[in-house]
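The block underneath contains the structure these notes are about, expressed in structure tokens.
Taken together, the values in this text are just the output of simple stated rules run on the coordinates, not laboratory data. Keep in mind that what you see is a predicted model, and the values were worked out from it rather than measured. Cβ placement follows ideal geometry from the backbone for every residue including glycine, while neighbour counts extend to all protein chains displayed.
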Amino acid sequence: MDREEILIWFIEPEAIQEPARLSRFLQWLSPEERDQYGRFRFDKHRHTYLVSHALLRGALSLIAQVEPAQFYFNKNAYGKPFLAGPLQHQNLYFNLSHTEGLAALAISTHTELGVDVENKHRQDMTQELAEHFFAPEECRVVANIGDNERTEKMLEFWTLKESYIKAVGAGLSIPLDSFAFKLATDTEPACLLRLDAPNSDRTAWRFWQGQPTENHLMALAFKARPGEPIKISAQRASWLARA
């Protein structure tokens, strides 16, 4: 994997149902992950958790040539997981996201990053939600969008904001109105319009957006040096169904 590359793999959890394969995935998990797996009340959520974490461990295994079960993780003070070992592979950065019908993983060898996926058919994308979670600049944009476009544009804001928060790794200690996005146009990618964090350069952040399926939107946040070319590859993790 090249330094100038970010890999995104995604998969529909329900596409993997073979009992023997799911049993193998379960063996990949750490004792703590198995405990978390067992705490889910609903089978659907348990299944999504298992496939998502198999996606993470399987992808790291492909890159590092280490068995999936051998990776172990830790969390920062805000709960963001990071790779703790094997030690020779600690320069792999990752972020995992899942929503109704999709799991996604982003991996880099050079920068912290955040990825978020959301289902386009969410029913809670209202002006009231925007006023609670979005910055004033973003709320004004949403207020001027027609009903037919509002949900999708709000989800663009939502995935961008989530990807940024996850990349920074400080959770909801970051006030959601302390930064604001300008949505992408036909010629320019989305960018931070405002960032109130001290000693932070909003222009150091880059954002990528995609639509991995007809039902989902995705956003990726990462830092890069000015002019540094970064290749972003997003593809379905079909290999996981054969793992």
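Dimensions of segment 121-213 along the principal axes, based on C-alpha atoms and rounded to the nearest Å, stand at 39, 29, 23, largest first. Considering only Val117, Asn91, Leu129, and ranking their Cα positions along the charge dipole of segment 89-137 that arises from unit charges at the beta-carbon of Lys, Arg, Asp and Glu, the one farthest toward the positive end is Asn91. With helices as the sole contributors, the chain gives -10000 deg cm²/dmol at 222 nm; each DSSP H run of n ≥ 4 counts as -39500 (n - 2.57), and the sum is divided by every residue. Only the Cβ atoms of Lys and Arg (+1) and of Asp and Glu (-1) were treated as charged; on that basis the dipole of segment 121-213 about its Cα centre amounts to roughly 280 debye.
Reported to the nearest whole Å, the Cα centre-to-centre distance from segment 113-133 to segment 18-81 is 26. Hydrophobic, long helices, defined as DSSP H runs whose alpha-carbon span along the helix axis is 20 Å or greater and whose mean Kyte-Doolittle value is at least 0.0, occur in the chain at 43-64.
Note that segment 66-161 carries a Kirkwood radius of 15.8 Å, evaluated over its alpha carbons pair by pair. From largest to smallest, the equivalent ellipsoid semi-axes obtained for the chain from the alpha-carbon gyration tensor read 30, 21, 17 Å.
If only the Cβ of Lys and Arg carry +1 and only the Cβ of Asp and Glu carry -1, the dipole of the chain around its Cα centre is close to 700 debye.
Ordered by the count of other Cβ atoms within 10 Å of each Cβ, fewest first, Met154, Met125 give Met125, Met154.
For the chain, build the charge dipole from Cβ charges (+1 Lys, Arg; -1 Asp, Glu) around the Cα centre, then report which of Gly171, Ala54, Leu195 sits farthest towards its positive end. In the chain, that residue is Ala54.
If R0 is 35 Å, the Cβ-Cβ spacing of Met1 and Asp186 corresponds to a FRET efficiency of close to 0.65. In the structure displayed, which of Lys166/Lys231; Lys80/Lys223; Lys75/Lys223; Lys44/Lys153; Lys80/Lys161; Lys80/Lys153 lie more than 25 Å apart, Cα to Cα? Beyond 25 Å between Cα atoms: Lys44/Lys153; Lys80/Lys153. Going from the residue with the fewest nearby Cβ atoms within 10 Å to the one with the most, Ile11, Ile145 rank Ile145, Ile11.
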